[in-house]
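These notes concern the structure reproduced below.
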Amino acid sequence: MELLMELMPPTSLQKFRISRYISASFPDWLMSIGNYLPNVVLMEMFDLPNCNSFPPLAQLPPNLRVLTLGGMESLEEWNTTHSIGEDELMFRELEEVNIYDCPKLRIKPHLPRAASWSIKGSDNVLISWAESVSHNDAPSSTPVGVSTNLTVENEEVPLHQWRLLHHLPAISDLHIERCCDLTSSQEISWALGPLQSLRLESLVQSELPGWVGELSSLQQLVITHCRNLEELPDIMSQLKQLQTLAVVMCDSFRQLPLWLGELTSIEKLRIRLCPAITTLPNSIQQLTNLQELEILGCRKLEQWCEAEENKPKLAHIEQTFPPAADDPHYGGPCCERK
């Protein structure tokens, strides 16, 4: 710590990174870094296992755009107290917050606004607030056009306890990876109402949670590396706004449902490396807005597409099956429209 006290950077510094610092606390200049380094736009602090303190929100650089906290196993709280109305003025430039491997960290009492949040291996960040949540507890003055992208990875806390969701304005893009319990609640479903894009990755479940079919605003759904997933739940037939559906590297996925034809807004359908899928449902002829059909690494499905009796079912599609030179599973071009 004594050495760090003497190493205060110049005030013109724009990118600040610190790692492998073994002390439990920081010098005064770092705890008030916004006063000493007001021009910093990127701040990364990682691999600090003994650190138990972090500058309060009000002391961070005012032009900060990207904040990353990682590998801070001893950090328990980030103080985000601000004065009434101050939140509208502070950190208008903040774009991205990344928190990973901070298992004890809680954010209190307010959640800073940022366009993109990434939470990995930091369960307590998801449950930082009280259990009782109503619609009135959500951000009350979300500016028009403001939305949030959220990535949650490698978390053990059940989805119905992700109280962080109630404090993010208009979540439009959600990426869930390697999370074992996706049971929801009425409050969580309400928080996910504005969702337009959902990516589910590396899940161990054999079924998708029912709440996916309740996302009435969803336009894009990507399901990837879900090795045990066998089929899509029937409730997903309600996704009338869905424009893109991708199923990638789902080894156990057997077939697309007959009700797929009810999702008439679909423009892009992508199936990659799903060897158990051998046919497309006849209802694919009902997808009159389908412009792009991509099939890659599904040899039997490609053969089905190439069969003369099936080509009329796909005649309305601007089909694309791009080859991948480094993909040993690629079976060659098929179903190219003449």
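The radius of gyration of the Cα set in the stretch 1-114, together with its Dmax, comes out at 13.3, 38 angstrom.
Please give me the summed charge of the neighbours of residue 73: other residues whose Cβ is under 13 Å from its Cβ, Lys and Arg +1, Asp and Glu -1.
Working: positive: 104; negative: 47, 76, 101, 123.
So the environment of residue 73 carries a net charge of -3.
For a straight C-alpha distance cut-off of 29 angstrom, the lysines reachable from residue 108 (same-chain residues fewer than eight places away being disregarded) are 15, 120. Taking only the Cα atoms of the stretch 196-333, the radius of gyration and Dmax are 14.1, 39 Å.
Only the coordinates and a few stated rules stand behind these numbers; no lab work does. Small disclaimer: the values here were computed from a predicted structure and weren't measured. Every residue, glycine among them, receives a Cβ derived from its backbone with ideal geometry; neighbour counts consider all protein chains shown.
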